[in-house]
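The values are calculated or read from the model by the stated rules, or taken from the named source; none is laboratory data. Just so we're clear, the structure is a prediction, and the values are computed from it rather than from any experiment. Every residue, glycine among them, receives a Cβ derived from its backbone with ideal geometry; neighbour counts consider all protein chains shown.
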Amino acid sequence: MTMPKTGGRQEPEPNASILARRNFSGPAFLSGGFRPFFFGAGVWAVVSLGLWLLILNGRVPAPESMGASAWHAHEMLFGYMVAVKAGFLLTAIPNWTGRLPVRGLPLAWLASTWLAGRLAMLLSWNGGAPYLVAAVDLAFLAVFLGLVLREIFLGRNWRNLPIAGMLALSLLANGLMHAEAMGAELGGSGWRLGIGAVILLMTLIGGRITPSFTRNWLAKRGDARLPAPFGLADKAAIGLTSLVVLAWTVAPDSRLTGVLALAAAAAQGVRLSRWRGLAALSDPLVLVLHAAYVWLPVGLGLVGLSVLTDGLSQTDALHGMTIGAMGTMTLAVMTRATLGHSGRALKAGRGTVMIYLLVTAAVLARLLAVLQTEAYLLQIYVSGAAWIGAFALFVALYGPLHFHQRRRS
């Protein structure tokens, strides 16, 4: 999947990528970065959330290494989300730079490094060898960041350096989480920075692909009313969201943080309103991008309210951004990119629509849990079941495409 430049320029669809034009004689699963990493992300989204629900239900003891909640946050941010980032960027970077993609044995080694981190986190359940676990887990992000920087510098693709900056923030956040697990008094700044880095990445990338794909879709139908080009509203949303991430990381309970979060929510809402999302009601692949992005202003607004009022905890509020924005946007990107790069038509079937509905049900159930005092845990289980259902269906429908050669058009 390529990325449009920030000026309203149209973006080619995924099936026009360099990955489709370069021959590769190895196994299909290692012919493109999206294949092992999107597949691994889908599987891990099911496994890690399943373990979390078993911990909540008392069927599995809580991990001693980080504690139950911290382990859950870590594996969503640095297990699942990192895999999605890798799959997306390994697919996008060759289009940014014109350089050959990572394939074959190098890709297998990179994916194995990510998998080693997941195994290390599981093996550390009883709190053993924390420094070794941290080193193994941090290795993937460190290597991947180096790879991204190498490609950007060799391809002289300076405009995408901020993307590498978001990866660097994720690496720092992961390190902070491990440091806190080993006794450092950091007040949860690691997981907040980790969420913040993803929110910024979504603001940058989601803010490009959502209006771009909408513009392409509307233009094909002869609609002259296209999404507004990048402008002051976009800059304001990016700037305010960056300030919120900084403030929320270092001072999560400050009233200034709450005010900034509400201001960023308003700015993100204005930004989204300029992209003509309602015009794409008939195409789920386009519409879901808008549905995912809407959770950014909603999530930021909920976090702001949780800081400024006593009626909502930050733990409950942030699920609008995590399940809502992150879960929906990543599924939107993974389904679209997999279809395009495997040579399939960019059309959402009933199963794909069900994936989107299930992840939406997951976030709604989790947020509504706040209103269900007597059935709070039940609502969490319902949310978790919907999440697992969404990703299990993704693995079932899209997993086989990751193992098959690209279909020739």
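Take the residues of the stretch 213-228 that are over 17 Å from Val294 (Cβ atoms) and either among the aliphatic types (A, V, I, L, M) or within 24 Å of the chain's Cα centre (by Cα) (or both): which is surrounded by the fewest Cβ atoms within 10 Å (Cβ to Cβ)? This residue is Ala224.
Picking from residues in the stretch 67-98 that are touching an Asp or Glu at 6+ places or on another chain (Cβ under 8 Å) and of a type in the set (A, V, I, L, M), the one that is surrounded by the most Cβ atoms within 10 Å (Cβ to Cβ) is Ile93. Which is over 26 Å from Ser65 (Cβ atoms) and not polar (S, T, N, Q), of Leu138, Leu115, Leu107, Leu167? When all the criteria are applied, what remains is Leu107.
Among residues belonging to the stretch 309-343 that are among the β-branched types (Val, Ile, Thr) and part of a helix (DSSP H, G or I), point out the one that is nearest to the chain's Cα centre (by Cα).
Looking at residues that are among the β-branched types (Val, Ile, Thr) and part of a helix (DSSP H, G or I), I get Thr330.
A search for C-beta distances below 9 Å between a residue of the stretch 227-252 that is farther than 30 Å from Arg215 by Cβ and any residue that is outside any helix (DSSP H, G or I) and modelled with pLDDT under 95, counting only pairs 6+ apart in sequence or on different chains, returns Pro252/Gly187; Pro252/Gly188.
Surrounded by 22 or more Cβ atoms within 10 Å (Cβ to Cβ) and at pLDDT 95 or above: is that true of Met334 in this structure?
Answer is yes for this residue.
Answer with yes or no whether His341 is closer than 23 Å to Phe34 by Cβ, at pLDDT below 95 and buried (at least 18 other Cβ atoms within 10 Å of the Cβ). For His341, the condition - closer than 23 Å to Phe34 by Cβ, at pLDDT below 95 and buried (at least 18 other Cβ atoms within 10 Å of the Cβ) - is met. Comparison of Gln405, Gln314, Gln372 shows that the only residue that is within 30 Å of Arg255 (Cβ to Cβ) and either of a type in the set (Ser, Thr, Tyr) or surrounded by fewer than 16 Cβ atoms within 10 Å (Cβ to Cβ) (or both) is Gln372. Reported count of residues in the stretch 282-312, each being among the hydroxyl-bearing types (Ser, Thr, Tyr) and touching a helix residue (DSSP H, G or I) at 6+ places or on another chain (Cβ under 6 Å), is 2. Determine, yes or no, whether Tyr381 is in contact with a Ser or Thr (Cβ under 9 Å, 6 or more places away or on another chain), touching a residue at least 24 places away in the same chain (Cβ under 8 Å) and at negative phi. No, not satisfied.
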